[in-house]
Amino acid sequence: MEPPQSKEKNEFFYFALRNNKLVIGLIVVFFFLVFAIIGPFLTEHDLNERAGPRNQPPSAEYWFGTTTFGQDVFTQFVYGLRAAFIVGLVGGGLATIVGMMVGFFAGYHGGMVDELLNMLTNTVITIPKLAVLLVIAAYLTVRGVIHESIVIGLWSWPWAARAVRSQTFSLKSRNFIDMARMTGMSSMKIIWTEIAPNMMSYLFMTFVLQFGGAVLAAATLDFIGLGPTEGISLGLMMQHSFNWSAIQLGIWWWFVPPGAALALLVGAMYLMNVGLDEVFNPKLRER
Amino acid sequence: MKRYFSRKVFIYILTFFLAVTIDWLVPRFMPGNPVQNMLSRASIQSDAAEVMRGYYTKAFGLDVPLWQQYLNFWQAIFHGDLGVSVYMFPEKVTNVIFRAVPYDLALLVPSVLLSWIAGNKFGAFAARSRWLDNTILPITYLLRATPYMWLAILMAWSLGIVWGIFPISGAYSFSMQPSFSFAFLVSFLRHWFLPFASLFIVQFGGWAIGMRNMIIYELEEDYSHYLESLGAPRSLVRKYAFRNAMLPQITGLALRLGQVVAGALATEIVFSYPGIGYLLLQAINNQDYFLIQGCFLFIVIGVLLANFIIDVVYVIVDPRTRQGMEGT
Amino acid sequence: MWSKNRLIGGTLLVVLTLLLTAGLALAQGGNYERSETLYTTGNAWSPPTDWNPITNWNYATGTTGLCYETPFLYDPLEDEMKPWLAKKGEWVTSDTYLMDLRKGIKWQDGEEFTAQDVKFTFELGKRFDGVYYSTLWKWLDEIVAIGEYSLEFRFSDPLYQQWENYLYSIAIVPKHRWKDKSQEDVLSGANKNPIGTGAYRYETHSQDRMVWVKNEDWWATDLLGREVAPKYVVDIVNRSNNVSLGMLLQGQIDWSNNFLPGVPSLVENYSNVHTYYEEKPYMLSANTAFLFLNLTKKPMDDTDFRKATGFAVDSGKIVSNVYGHIVKASNPTGLLPNWSKYVSEETVDEKGFSYDPAKAKEILDKAGYKDVNDDGFREGPDGSTIELTIIVPNGWTDWMQSIRIVRDGLNAVGINATVKFPDFGNYQDKIHAGTFDMAINNFGSSVSNSPFTFYEWLFQSPIKDRMSNGNFGRYENQEVFDLVTELNKTPTSDTEAMKETITDIQDIFLTDLPAVPLWYNGMWFQGNTSHWKNWPSGAEDTPDHMPSTWSGYWQMGGLLTLTELEPAK
Amino acid sequence: MALKTDDLRVYYQTLKGDVKALDGASFTLEDGEIMGLAGESGCGKSTLAKSLILLKPPMKYVEGRVRLDGEELPIWDDEKMNSFRYKNVSIIPQYAMNAMNPTRKIGKMVKELLKSRGISPGEKRDELEHRLDLVDLTRDVLSMYPIELSGGMKQRMVMVISSLLDPSLLMADEITSALDVSTQKAVSEMLVEFRDKDFIKSLIFITHDISILYQIADSITVMYAGKLVERAPTEEITGRPLHPYTKLLISSLPKIGAKYTEEKLEGIPGKPPELLEPPEGCRFKNRCPKKEEECDEEPPFREVSPGHKVACWKVKKDVS
């Protein structure tokens, strides 16, 4: 026998608020989110403007120091954080949605549909993300963070799809789906009204993971020079600092903040994911 | 069983065909002209440039219609001929790739395997220990979330520049030629260490977390509870859980090894390590169709092979998969 | 499967590695004695794959210069041709060029170097279209060897300026080794194990380096008393400029031709870092960066608008803010300092421009560019909106910063301009196809023996669909095209006639201003004095050569620099 | 007297507070007795079984004593309890379908299990094969993976494993719910045979399907919301159920083999009470057709006739 489980919402919050992992993760993410939202209002500098002398270490005036071009690192940092959230939300969101659709249909219909979608999934996994970005890069004179996010999203869904598919498989065999089917519901409706709600928690966790994955993927792409050609991102900051010899010249304030923010933000996301897992899955809860 | 495998093989071939076709298409979608790009580096008179462009376009086989280029491409693949690199003209693509691959193997195979072993051990160890779960594990989450290049940069800066313990660029000292001497080996290892370590650490975090999550699920599985009910000691329960949690980790390992040929781009850039990752980036930047295709082809083959091996290995190690093959 | 043994084995491996790595850190010491080895970098961006002087965009650093040599050298600092393999060369008639070769030059395989080698090399261009100097044969009739050491080049229509350029850029290859090469071998062969006449032989190469070893029998030692100092020249393939910087500071690289950020502070803080000048501009100039304006588009087709652009752009700010004074602002004519004698001060005084936003506004006002819809930006005289985009390749950070300053200058005088950074391939496509608005480029403005090469690039003609070798803005003016041809046909000895023609060209250039010269890009050079000294510099009693390892620059001072170096200890 | 529990209370710890899943169970089980334990799901019957063998978080021991064969069972102490598990107390879990490690051959798993309990697998080999014969399993199953067995086979295999060490008390937790009717019957009869052959001394057979108990159980105990409500020999309780809940349970049960008692019970208005803060008094009162004021006080579980215990105020009145 399990402890009685009422499906009340406040129960979720009740457990959520008592899960250290989730709470710490949320606090960190929230901290960065606030930082990203209000940060740009705390600086009077422009992104690329020469704000002061070159290569200044952090000081009261330049909180995070300045770059080789005399740009204010703090300013770039806060805008970069914004970009990270955009990539996470758009890229991670897109990957989750596409993965969900493909996974649902594959898992629900099985048979030929499943085989075909599986092949598609495999092909997409096989083709390096770089290749696609390459073409996109070549076609778009200007790549913004959004373009990058969309590409990442459209190329990261296979993992989500695989997971959702197997979940759907197992849910499908349960009674309530059979009953729904017997009542003559359309498969679309069954997916939306019966399967999806049962998977909401799972999907949300998938999204959290995809968010972190998208942010990291974007950082790598930015670093190797396939990132946005406009604006700034944390990955671009690292690329610039690297290209402009910040390592050799010891301009650590240029490359430490963006990487640290990425690691903390994404790490917090992963922590949240485990926390959510424990909240949604009572078996893992009491330890 | 036979039917199962022949169907699998068919699907793999189909996937391969699709992937290769896309691989062929992708560089051709790019605006610009690789020959033009190559010759833009030449200091030549403009009328001479026209003539040369004609010559090299033909030399690269870019003068025939697209469909024929496509057919030629397939034909060449089966002859193991991936064409000539534009960026490293006139080197053959296969040579270029084969020369870079050993560095990737030297860097990635140990880092993947060792981090996998250590990560799994640590993850299994940390699972279900409240103390570890709350202290060390958050650090592994952070590791897992650390961008490869950032850790690489941090290590290069601290260990390479500030303390000057390790060199931070190249695969061996510039004053040496590769040889089987001790001095060369030392030089190679010193150059190898930082990229290896940065890869190891991040991957360690990933594997450890994977293992921890997996084993926690396994420990809550019915068979674990049954064993506990029958008074089986913790060691046996954990052994079983560990073994079963290992299965997805094996999948992960195989997939990761399948990608080894893709190199570790960001890390290779930071440490100027001459692997495929860096090569690919150069190929992309120089619109080197043939090198891009070649690299991708290797990667595609690697990934497909890994997937196929997983399929086969799973049939052996996980009896559950056999069910689906014979029944229904 | 996951036995303990494996784990222990793995751990052992790691520990062993650590021990080896840390414990034997001191055991470093290579095959090349440090005191005899010169480490260079800054030219190669791809692994050495080819030692074929015909593929001059691709060969390994030093193929031409160190291994293969040219009949002449050119010294840009003195603007002087220096006989090299050739003892002398002169125009005996207006269309016959006589070249005398030095006696006693040997190929590295011991064979004698003769007039047949020179004839053979030049005739490769006749045999194969794909050779980069094949067009030479449109105006060269024949080459006649006179004895072992003299040749007569008989021209139908001599292009003197271009010819002189070839004299120090075409590397002579040995006939006895090349005569059986097929077209494919010549045009795309790797030419492994190159045998030249030069100071260095091929030693080895790998992905990230090219190693040359000294040719002890080099002819110049006997004939000219010149000897190259380093036994080994190891050229390191660029990974990124920052790697070069790190290695330079640590004394692992002696000679860097990379663009390194923050050079002034390096010179100040590192006593062993050497630049050509001790203070700004630190660097010699190598080429001119232009802001190309696309004349096929509005409003760039309007001369007034272009001129206003010239006045609106603050190139001094680019020099100080972006480059930290390691470059110089360009002369309004764009002519490099080594051609300063051709600059007509009068013309510049009369028609030149400088940063003067007020003047820019005045010109725009007068030409009818007014802000009619009150959006803060001017509209065209016909009321059309102006929205311009300035492009440079993504990742070229110094240029990216520069066009931001250009944009700011334009915005300040009321022209709506934005910056964009397409990838290199895309950028190149845009300037070749003429679909850009404004773009920075300097690809063909490099230092050379004659302003002709500069103008031929700037006024490339005829205008085609794709302009891949200059004149990206598609400036069409037959008069100036004719003047460039005329310049080419002016004997190099006739400086007065050259000046005249160049003055005319300058006049047209400054009148129409089809492109705006911004700054002189530096001949980036940083030396490290820890292992080698006596680097070229602008100071007294030091060698005066252009210290460059770039392709085509060995003949312009790089090789001579090697003969001047001395071990530091 | 094989088993005697005394006021056993085991709660589930949740962050909201304790869920009183087993709130004071006292009963005795005679040697050789097969006791059926029935009730709706969530009534605490599985908690009772689990607490007798593996009481681990989130379950929490509150109070009560358990004696098995005159010896105290230290159910609150996981360590000490271990020596009793399997050898003295054993269980066929609810999840018998998944009880075996899917990636181990069954024979190997059994071997490893025995070894880990300090028993030489060789010694038990014959016995194991003998029992396989008894439950109609070929010896080949030992070299098979669980996935290769049908549901019924797995069930029987687990029966063999769980009873291999001849435990004094075996608990079968909802073992029939996943099986079809004929297999249910066969499996149940095998358990009876086990008892008859003295493999096990006594059996607690937990099910929500009372009909199956008619055939095998010596006595039936009914639970409701964490409490024992009625306990009597099988004929007695089926013939003369006293507690209103038992009556409903039995009357709502039309025929042998009806699967989902729960669905039928939906006929009883209302739901079982929340066990986090259960109502004072009789826990059935809100659904009880005979509810009166006195029901606000907790009814004692007392013997109303020999061997027949019931916890209901109304019964007290009726009988005495």
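General remarks:
- Inter-centroid distance (Cα atoms) of the stretch B:162-233 relative to the stretch C:145-182, Å: 60
- Amide H contacts under 5 Å for D:Val229, placed H, 5+ residues apart: D:Val222, D:Met223, D:Tyr224
- Partner chain coverage, peptide D:89-95 - average Cβ within 10 angstrom: 4
- Dividing the Cα radius of gyration of the stretch D:3-319 by its Kirkwood radius returns 0.97 for Rg/Rh.
- Note on B:Gln68 and D:Ser150: their simple-model spin labels are 6.6 nm apart, each label 7 Å out from Cα toward Cβ.
- For chain C, the calculated P(r), taken from all Cα-Cα distances in 20 Å bins from zero up to the bin holding the longest distance, is 19, 49, 26, 6, 0 percent.
- Taking the fewest neighbouring Cβ atoms within 10 Å as the starting point, the ordered list for D:Val141, B:Val303 is D:Val141, B:Val303.
- Here the Karplus curve 6.51 cos²θ - 1.76 cosθ + 1.60, taken at θ = phi - 60°, turns the phi angles of the stretch D:4-14 into couplings of 9, 10, 9, 6, 6, 10, 10, 10, 9, 7, 10 Hz, with x standing for Gly and Pro.
- Shielding by partners - mean other protein chain Cβ count within 10 Å, residues of B:134-147: 6
- 10 Å Cβ neighbours from other chains, averaged over peptide A:260-272: 5
- For the pair D:Leu276 and D:Lys290 in one chain, pulling the backbone fully straight at 0.36 nm per residue adds 2.6 nm over the alpha carbon distance.
- Order of C:Tyr553, B:Tyr70, C:Tyr475 - criterion: other Cβ atoms within 10 Å of each residue's Cβ, fewest first: B:Tyr70, C:Tyr553, C:Tyr475
- All-pairs Cα distance distribution in the protein assembly as shown, expressed in whole percent, bin size 20 Å: 8, 29, 28, 17, 11, 5, 1, 0
- Rounded to whole Hz, the Karplus (6.51, -1.76, 1.60) HN-Hα couplings of the stretch D:274-282, x for glycine and proline: 5, 8, 5, 10, x, x, 5, x, 5
- For the listed residue pairs C:Lys175/C:Lys214; B:Lys58/C:Lys464; C:Lys280/C:Lys370; D:Lys45/D:Lys87, the alpha carbons are over 32 angstrom apart in C:Lys280/C:Lys370.
- Given R0 = 22 Å, the distance between the Cβ atoms of B:Phe182 and C:Glu33 translates into a calculated FRET efficiency of 0.75.
- Under 26 Å from the Cα of A:Lys189 - lysines, other chains or at least 8 residues apart: A:Lys7, A:Lys9, A:Lys172
- At R0 = 60 Å, FRET efficiency that the Cβ-Cβ distance of C:His176 and A:Phe41 yields, to 0.05: 0.20
- Among B:210-220, A:231-241, C:72-82, the order from most to least packed when residues are scored by Cβ within 10 Å on average: A:231-241, B:210-220, C:72-82
- Residue pairs, from the table C:Lys307/C:Lys430; C:Lys317/C:Lys351; C:Lys126/C:Lys499; C:Lys82/C:Lys499, whose Cα atoms sit over 27 Å apart: C:Lys126/C:Lys499
- Gyration tensor (Cα) of the stretch C:72-178, equivalent ellipsoid semi-axes in angstrom: 20, 18, 14
- Förster radius 35 Å - calculated FRET efficiency between C:Thr93 and C:Lys341 (Cβ-Cβ, nearest 0.05): 0.80
- Computed lengthening from C:Lys499 to C:Glu184, 0.36 nm per intervening residue step minus Cα-Cα distance: 109.1 nm
- The protein assembly as shown: antiparallel DSSP beta bridges as a percent of all, rounded to 5: 70
- Across the stretch C:526-543, computed HN-Hα scalar couplings (Karplus, 6.51 cos²θ - 1.76 cosθ + 1.60, θ = phi - 60°) run 10, x, 10, 8, 5, 10, 10, 10, 6, 6, x, 7, x, 7, 5, 6, 10, x Hz from first to last residue, x flagging Gly and Pro.
- Sorted by Cβ density within 10 Å, fewest first, the residues C:Ser402, D:Ser116: D:Ser116, C:Ser402
- Amide H contacts of D:Ile34 (H built 1.01 Å from N, under 5 Å, at least 5 apart or other chain): D:Leu203, D:Asp218, D:Ser219
- Residues with amide H under 5 Å from that of D:Ile92, placed H, sequence gap 5 or more: D:Met171, D:Ala172, D:Asp173
- Taking label positions 7 Å along the Cα-Cβ direction at both D:Glu79 and C:Glu216, the computed distance is 8.2 nm, reported to one decimal.
- In range of the label at A:Val23: residues from the stretch B:119-158 whose backbone nitrogen is under 19 Å from the point 7 Å along Cα→Cβ: B:130-139
- Cα gyration tensor shape for chain B, rounded if a/c is under 1.5, else prolate or oblate: oblate
- In degrees, nearest ten, helix B:289-317 long axis to first principal axis of chain B (Cα): 20
- Cα-projected label distance for C:Val144 with C:Glu123, points at 7 Å along beta-carbon direction, nm: 1.5
Read-outs throughout are calculated quantities, based only on the coordinates presented, and are distinct from any laboratory measurement. A quick note: this is a predicted structure, and the numbers were derived from the prediction, not measured. Here Cβ is always computed from backbone atoms with ideal geometry, including for glycine, and neighbour counts include all displayed protein chains.
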